[in-house]
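Heads up: the structure comes next, in structure tokens.
Quick note: the coordinates plus some simple rules give every number you see, no bench work behind them. Computed from a predicted structure; not experimentally measured. As a convention, Cβ positions derive from the backbone with ideal geometry for all residues, glycine included, and neighbour counts pool all protein chains shown.
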Amino acid sequence: MAKYLIIVNSGPEDVNRATVPFLAGKSLVEKGNEVTFWLFNQGAYLAVQGCAENIQAPGLSSLEDILLFLTVSYKCPIYIGISCTIGRGLMDVHNKPMVEFAFGEFANTEKFGELLVEADKIINF
């Protein structure tokens, strides 16, 4: 099976674009693949406490349910780009969170580079 890196660029401003990357990841892990997520740009907002529970795209499972499945059942790693959180006022320049985060691990561009090299396939949403 393959190792996937899914890059999530959209946040709560578009519930469909926020949900679809995680649905794709769910499909991939159910088929035996390894999936890692990287929250970039507006995607950083998805990790803020209370955000995912309020995202429900029409006809789809809630983002909160999908994330629970991915992180509890399959232990999929989710990384949050530090520069994206700083640029959006979610973290200060000393890497201190300004809001509470519900999930994810903060990571820098060095980690992002490692994930890019390790992945067999990269999907950008």
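So here's what we get for this one:
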{"item": "Residues of segment 1-25 satisfying the condition of being part of a helix (DSSP H, G or I), aliphatic (A, V, I, L, M) and touching a helix residue (DSSP H, G or I) at 6+ places or on another chain (Cβ under 7 Å)", "result": "18, 23"}
{"item": "Near pairs, Cβ below 9 angstrom, 6+ apart or cross-chain, from segment 90-115 (more than 21 Å from residue 4 (Cβ to Cβ)) to any residue that is exposed (fewer than 11 other Cβ atoms within 10 Å of the Cβ)", "result": "98/89; 99/89; 100/50; 102/50"}
{"item": "Qualifying residue in segment 26-34 (condition: β-branched (Val, Ile, Thr), touching a residue at least 40 places away in the same chain (Cβ under 8 Å), within 13 Å of residue 103 (Cβ to Cβ) and surrounded by 14 or more Cβ atoms within 10 Å (Cβ to Cβ))", "result": "no"}
{"item": "Qualifying positions in segment 66-125 - more than 15 Å from residue 8 (Cβ to Cβ), in a loop (DSSP other than H, G, I, E, B) and among the aromatic types (Phe, Trp, Tyr)", "result": "74"}
{"item": "Boolean, residue 29 is touching a Lys or Arg at 6+ places or on another chain (Cβ under 9 Å), β-branched (Val, Ile, Thr) and not in a loop (DSSP other than H, G, I, E, B)", "result": "no"}
